[in-house]
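The structure appears below as structure tokens.
The values are calculated or read from the model by the stated rules, or taken from the named source; none is laboratory data. Please read all numbers here as calculations on a predicted model, not as lab measurements. Cβ atoms come from the backbone with ideal geometry, glycine included; neighbour counts cover every protein chain shown. SASA here: full protein model, heavy atoms, side chains in, ligands and nucleic acids out. Shrake-Rupley method; radii C 1.70, N 1.55, O 1.52, S 1.80 Å.
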Amino acid sequence: MIINHPLLGPRDSQEFTYLGDASLIDRPDWQAEDAVDRFYDYLYERENPAGEHRELWFHEQGDRSWLVVTRNTLTHEITNVELARDVARARGRGK
Amino acid sequence: MSQINRISGGQIDRAKSLNFTFDGKSYQGHPGDTLASALLANGVRLMGRSFKYHRPRGLLSSGSEEPNALVELRTGARQEPNTRATVAELFDGLEAKSQNRWPSLAFDAMGVNDKLSPFLAAGFYYKTFMWPKAFWEKLYEPIIRRAAGLGSLSMEVDPDTYDKGFLHCDLLIIGAGPAGLAAALTAGRAGADVILADEDFALGGRLNAETFTLGDASGADWASATVAELANLPNVRLMPRTTILGAFDHGIYGALERVSDHVAVPASGKPRQTLWRIYTKRSLLCAGATERPIAFDNNDRPGIMLAGSLRAFANRWAAVPDRQVAIFTNNDDGHRTATDLLAKGVRVAAVIDTRADAPRMADCELLAGAEVIDCKGRLGLTSITVRLAGGQTRQIACGALGVSGGWNPNVHLTCHQRGIPVWNEALAAFVPGTNPVGMSVAGAANGTFSTAAALATGAEGAVRSLADLGFKAKAADLPPAEDAPVNLSPFWYVKGASRAWIDQQNDVTVKDVKLAHQEGYRSVEHLKRYTTLGMATDQGKTANMGGLAIMAEMTGKSIPETGTTIFRPPYTPVPIAAFAGRSAGADFRPVRLTPSHVWAAEQGAVFVEVGMWKRAQWFPKPGETHWRQSVDREVLATRQSVGICDVTTLGKIDVQGTDAAEFLNRIYANAFGKLAVGKVRYGLMLREDGMVMDDGTTARLAEDHFVTTTTTANAVSVYRHMEFCRQCLWPDLDVQIISTTEAWAQLSVAGPNARKLLQKIVDAEHDISNEAFPYMACGEITVCGGLRARLFRISFSGELAYEIAVPTRYGDGLIRAMVEAGREFDAVVYGTEALGVMRIEKGHAAGNELNGTTTALNLGMGGMVSKKKDSIGSTLSEREGLTRDDALNLVGFRPVDRSRAFVAGSHFINKGDAANAANDQGYMTSVAYSPNLGHTVGLGFLKNGANRKGEILRAVNPVANEEVEVEVVSAHFVDPEGERLRA
């Protein structure tokens, strides 16, 4: 597969390592009343869709960017690649 | 003598002769020959024995689809089994052997299997070798392997290299027949980056095998003129002897180039084969078509081959299996073979055409509406039995029979991304359905079989593909060529036949397919696995359609309703060596060497692989004959005076930024915010699920600058995790990290004389006295007269100890300087074994304890998980189940009988309990012989272990059926108060 890195252009997927669902960005608040349940869901209750999937890839043998790659798990078509940092900020994460 | 079946013409260089042997007998051929064509020319029809029944077999085809003529090429370490003689390019000195026969090809003792065939039908192995289970390994499998094996391996190391390469192009053209050449001309002239790959050593495809003219030129001459023009275009890369083996995601193709298979020994510096990864913007599949046979009784006799192959051997290689042939066909194309052979002076006894209205096309007898129903000739065809249209039978003498059941487009690569081919009724064949993104198909592979159509669609395909990329290409001007329509009446097998071979490679007959159906195997995929139809080196290229047609007939469905098996990569077999490339032997993976490696090697150190690292395991001295002698000496000398150890392999991560302390606070379970500049702190890192991920020390060199260490094994994964936290969880923290593992050479100096030794090399202006540089201090210093260094007062051994780091290029100098400085203290250099012994004596957890299933609580460090702040894993570390009262605790163990030893992995069982899983109390993780205590010591996880000191348990090792009584003790066997490291 080829991942079109937002900074570096098309790179072979062999340069990357894979983590999983991009919802791992949405780490819960540790001070919430039900923090244990929220963390449990965050860690274990994830979708495994046959189709479009937003997932985290790490450019380990490249510039060490974490990317959010939107990939169809049935066809491997990649429709979007974003810097995970930008995605995290857009989802309200900061310091 | 010799070459008795060599006829006139052909694209071989008769001016040169090539000597070769087959089963020890010498023959001659010419440049341009394959092993198959040269053997045919020499009158050899019998080339192999079949897989299961050991039936005599000859060539079925002239190409890579060949199921029968599998041979061993070359001898000694270069011997290669299961190679198709049809694709083995002849070279001088080639030694080839037939396979799967004993003692000889003409008399094969296992031929008795053929007589036993009623017992060896479909599913025979599944039905017969079922029980008892123990018989499999000892009895059935060895017998089956010997009897049904194909070629044999030399068991010697392959002396040749195999390479890997990467290519990029605008347009990859797969196949260099008329469609591929027309496409390459079009795209090449338009200036696109083109790769034209073909599995054959001669580009041209069927143009080299047919007598058609293109304009005024013969097909072969037009092909070579076109290739000559392409070779002069700098933007076109011609890749003969290269098979495109698979179509992968996003326009990536795999290719195997046989760089040196056509020479006895690869030229200096050349690999035998290269596995290419080709990145394409567009691809055009021009892979042509494969002819399919018609099954009739004993249709596997040597001399019976595909009609198009018979014609290819005659036209391209000037070789025939016999001077008297016959043709059996259901379509017009079969008649061409008769016409071409007649033109070469070969006698064609008859053309037998299943169609009652068959046209008369060749100048020989035509038997319309007739079928070949059987044949004779044990080791080679002598005659065929024909059932005439009227029902009477007739014997026709012939030594070769060309069979044509029509042609199947080579759709394989269109299926590699789960494309399903679609049925074309007029061709009675599958044509490409959904193609992989970026791929188009032209010529016969797309079901357009005439030469004119192949040329035209190839050129058009190139124009269309390039238009997508913004090229304005003009279709190459093409010569007029043959444009005959396909006339065919589907005919798969002769009714009433029983021992009629559908898949010759796997010895599957019409009867086997029917039997499989009777036994309930209705899906094509099940049929394939039950009968093995379509498996092995040819992947059923000539067999699948026949099997499918019979299945369709049995189920009363149409062929497209019956389905087709999915074609998967590789298109043809790829040696494992090619996949390995240069990653073989010592180059299997990269090796990382420590900065003291050269010095250690000079001392005769024994090295151990730790991931990719090679680390010194111990340093044997003269007279030491057992590793324990060396290790015990290193441990004792360190604890008595001083020892030095290279610890560079520990991961080092530089953490900087105004939020660096806050970042560390969040990735470590314990707090880092208040760590003073110039101090080091132990850090415990959890995974988000609450398990311990890693541990290490972190030194604060400045307010906004930390150096953190990881275990050797987790250096990569911890760095990855820290980047994840930094970029994905807290993107606005002002923190930057980088791995500096290889930037610093780091040595540990441990033992009562550690400071004295260091004071000899640390520059005098740096005070490292106990008062100025206490336990857990760190600082930037200079050594050896101005070399910048970092000093950390940390201890893994439990002794007064330091770690000193210098830029990596000074690591060799530093070890030599330290050894020299240590001479007056009898300093030793110790390896990883002594390191391990000392950390077990001290009760420090390492990889054995941080095994991914243990928590801070298990390790006795539950109190370190701060509840005053958020950190990765802190919330889930409180999960029910991870905090139970009888949780495993890390404790120490010693044998009750001090002379006894135990092993890591032993499980603890209470005295009096049966040694089973229900009574399991925990397990031993680390064991060493302590030379300080004079007995074996162990660390392990024991249920509620913190409260069981003094208890006697059994350490049970069910694998070796041994057990040892052990006493639960503190994990700190040496200096439990920690006085030494503060000294």
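Would you check which residues across the stretch A:79-95 are open to solvent by less than 80 Å² (accessible area, probe 1.4 Å) and within 7 Å of another protein chain (Cβ to nearest Cβ) and list them?
If the condition is that a residue be open to solvent by less than 80 Å² (accessible area, probe 1.4 Å) and within 7 Å of another protein chain (Cβ to nearest Cβ), then A:Ala84, A:Arg85, A:Ala88, A:Arg93, A:Gly94 are the ones that fit.
Does B:Gly678 satisfy the condition of being away from every other protein chain (no Cβ under 14 Å), touching a residue at least 12 places away in the same chain (Cβ under 8 Å) and closer than 23 Å to B:Leu859 by Cβ?
On the way: away from every other protein chain (no Cβ under 14 Å): yes; touching a residue at least 12 places away in the same chain (Cβ under 8 Å): yes; closer than 23 Å to B:Leu859 by Cβ: no.
No: the conditions fail for B:Gly678.
Would you check which residues across the stretch B:596-641 are open to solvent by less than 70 Å² (accessible area, probe 1.4 Å) and among the aromatic types (Phe, Trp, Tyr) and list them?
Once the filter is applied, which keeps residues that are open to solvent by less than 70 Å² (accessible area, probe 1.4 Å) and among the aromatic types (Phe, Trp, Tyr), the stretch B:596-641 yields B:Trp599, B:Phe607, B:Trp613, B:Trp618, B:Phe619.
Restricted to the stretch B:706-758, and to residues that are within 19 Å of A:Trp66 (Cβ to Cβ) and among the aromatic types (Phe, Trp, Tyr), which residue is farthest from the other protein chains (Cβ to nearest Cβ)?
Among those that are within 19 Å of A:Trp66 (Cβ to Cβ) and among the aromatic types (Phe, Trp, Tyr), it is B:Tyr719.
Taking the stretch B:283-309 only, how many residues are over 21 Å from B:Asp198 (Cα atoms) and either among the aliphatic types (A, V, I, L, M) or free of Cβ contacts under 8 Å to residues at least 60 places away in the same chain (or both)?
Within the stretch B:283-309, residues that are over 21 Å from B:Asp198 (Cα atoms) and either among the aliphatic types (A, V, I, L, M) or free of Cβ contacts under 8 Å to residues at least 60 places away in the same chain (or both) number 6.
For the stretch B:74-88, how many residues meet the condition of being open to solvent by less than 10 Å² (accessible area, probe 1.4 Å) and either assigned to a loop (DSSP other than H, G, I, E, B) or under 20 Å from B:Glu156 (Cβ atoms) (or both)? Outline the logic, then answer.
At the first step, the residues of the stretch B:74-88 found to be open to solvent by less than 10 Å² (accessible area, probe 1.4 Å) are B:85-86, B:88.
Now narrow it down to the ones that are either assigned to a loop (DSSP other than H, G, I, E, B) or under 20 Å from B:Glu156 (Cβ atoms) (or both): B:88.
Going through the stretch B:74-88 one residue at a time, the tally reaches 1.
For B:Met691, work out the one condition from (1) within 14 Å of chain A (Cβ to nearest Cβ); (2) of a type outside the set (S, T, N, Q); (3) closer than 12 Å to B:Ala669 by Cα; (4) touching a helix residue (DSSP H, G or I) at 6+ places or on another chain (Cβ under 6 Å) it doesn't fulfil.
Unmet for B:Met691, out of (1) within 14 Å of chain A (Cβ to nearest Cβ); (2) of a type outside the set (S, T, N, Q); (3) closer than 12 Å to B:Ala669 by Cα; (4) touching a helix residue (DSSP H, G or I) at 6+ places or on another chain (Cβ under 6 Å): (4).
Restricting to the stretch A:58-68, what's the tally of residues that are within 11 Å of another protein chain (Cβ to nearest Cβ) and open to solvent by less than 40 Å² (accessible area, probe 1.4 Å)?
Adding up the residues that qualify gives 6.
Tell me, yes or no, whether the stretch A:37-54 has at least one residue that is touching a helix residue (DSSP H, G or I) at 6+ places or on another chain (Cβ under 7 Å), open to solvent by less than 50 Å² (accessible area, probe 1.4 Å) and more than 10 Å from chain B (Cβ to nearest Cβ).
no
Is it fair to say B:Ile738 is closer than 30 Å to B:Tyr830 by Cα, open to solvent by 10 Å² or more (accessible area, probe 1.4 Å) and among the hydrophobic types (A, V, I, L, M, F, W, C)? If you could, list the steps in order and put the result at the bottom.
Working: closer than 30 Å to B:Tyr830 by Cα: yes; open to solvent by 10 Å² or more (accessible area, probe 1.4 Å): yes; among the hydrophobic types (A, V, I, L, M, F, W, C): yes.
Yes, satisfied.
Just one of B:Arg884, B:Arg900 is open to solvent by 10 Å² or more (accessible area, probe 1.4 Å), within 23 Å of B:Gly940 (Cα to Cα) and in contact (Cβ under 8 Å) with a residue 40 or more places away in the chain; which is it? First the steps, then the outcome.
Details: B:Arg884 fails: in contact (Cβ under 8 Å) with a residue 40 or more places away in the chain.
Among B:Arg884, B:Arg900, only B:Arg900 is open to solvent by 10 Å² or more (accessible area, probe 1.4 Å), within 23 Å of B:Gly940 (Cα to Cα) and in contact (Cβ under 8 Å) with a residue 40 or more places away in the chain.
Which one of these is surrounded by fewer than 17 Cβ atoms within 10 Å (Cβ to Cβ) and in the same structural domain as B:Ser641 (by TED's automatic domain parsing): B:Leu800, B:Leu791, B:Leu787? Working first, answer last.
On the way: B:Leu800 fails: surrounded by fewer than 17 Cβ atoms within 10 Å (Cβ to Cβ); B:Leu791 fails: surrounded by fewer than 17 Cβ atoms within 10 Å (Cβ to Cβ).
Residue meeting the stated conditions: B:Leu787.
Only residues in the stretch B:396-422 that are closer than 26 Å to B:Asp300 by Cβ count as the first member; pair them with residues that are β-branched (Val, Ile, Thr) and in a loop (DSSP other than H, G, I, E, B), Cβ under 6 angstrom, at least 6 apart or cross-chain, and list the lot.
Matching pairs, first to second residue: B:Val403/B:Ile294; B:Gly405/B:Ile294.
Out of the stretch B:692-713, which residues are open to solvent by less than 30 Å² (accessible area, probe 1.4 Å) and among the hydrophobic types (A, V, I, L, M, F, W, C)?
Those that are open to solvent by less than 30 Å² (accessible area, probe 1.4 Å) and among the hydrophobic types (A, V, I, L, M, F, W, C): B:Val692, B:Ala699, B:Leu701, B:Phe706, B:Val707.
State the number of residues belonging to the stretch B:170-213 that are assigned to a strand (DSSP E or B) and surrounded by 24 or more Cβ atoms within 10 Å (Cβ to Cβ). Step through it out loud before you land on a result.
To start, the set of residues in the stretch B:170-213 that are assigned to a strand (DSSP E or B) comprises B:170-174, B:194-197, B:213.
Remaining after also requiring surrounded by 24 or more Cβ atoms within 10 Å (Cβ to Cβ): B:171-174, B:194-197.
Residues that pass the stated criteria total 8.
Picking from A:Arg11, A:Arg71, which residue would you name as being open to solvent by 40 Å² or more (accessible area, probe 1.4 Å), more than 17 Å from B:His721 (Cα to Cα), at pLDDT 95 or above and more than 7 Å from every other protein chain (Cβ to nearest Cβ)?
Numbers: A:Arg71 fails: open to solvent by 40 Å² or more (accessible area, probe 1.4 Å).
Of A:Arg11, A:Arg71, the one residue that is open to solvent by 40 Å² or more (accessible area, probe 1.4 Å), more than 17 Å from B:His721 (Cα to Cα), at pLDDT 95 or above and more than 7 Å from every other protein chain (Cβ to nearest Cβ) is A:Arg11.
Every residue in the stretch B:637-649 that is part of a strand (DSSP E or B) and either at pLDDT below 95 or among the hydrophobic types (A, V, I, L, M, F, W, C) (or both), please.
So in the stretch B:637-649, the residues part of a strand (DSSP E or B) come out as B:643-646.
Scanning the stretch B:637-649 gives B:Ile644, B:Cys645.
Condition check: more than 29 Å from B:Gly406 (Cβ to Cβ) and among the β-branched types (Val, Ile, Thr). Does B:Thr21 satisfy that? Talk me through it step by step, then tell me what you get.
Values: more than 29 Å from B:Gly406 (Cβ to Cβ): yes; among the β-branched types (Val, Ile, Thr): yes.
Spelling it out, B:Thr21 is indeed more than 29 Å from B:Gly406 (Cβ to Cβ) and among the β-branched types (Val, Ile, Thr).
Kindly indicate the residue of the stretch B:372-395 that is part of a strand (DSSP E or B) and open to solvent by less than 10 Å² (accessible area, probe 1.4 Å) and also farthest from B:Ser450 (Cα to Cα) among those meeting that condition.
Residues of the stretch B:372-395 that are part of a strand (DSSP E or B), as a first pass: B:372-376, B:383-387, B:393-395.
From what's left, open to solvent by less than 10 Å² (accessible area, probe 1.4 Å): B:372, B:375, B:384, B:386.
On the way: B:Val372: 28, B:Cys375: 33, B:Ile384: 31, B:Val386: 30 Å.
Checking each candidate, the answer is B:Cys375.
Here are some conditions: (1) free of Cβ contacts under 8 Å to residues at least 60 places away in the same chain; (2) open to solvent by less than 20 Å² (accessible area, probe 1.4 Å); (3) of a type in the set (Lys, Arg). B:Arg57 meets all but one. Which one does it not meet?
(1)
Sort out for me the helices (runs of 4 or more DSSP H) sitting completely within the stretch B:496-586 that have 2 or more residues that are open to solvent by 40 Å² or more (accessible area, probe 1.4 Å) and more than 19 Å from B:Ile420 (Cα to Cα).
Per the criteria, B:510-518, B:544-555, B:576-580.
Which one of the conditions (1) in the same structural domain as B:Ala109 (by TED's automatic domain parsing); (2) in a loop (DSSP other than H, G, I, E, B); (3) among the charged types (D, E, K, R) does B:Asp13 fail to meet, given that it meets all the rest?
(1)
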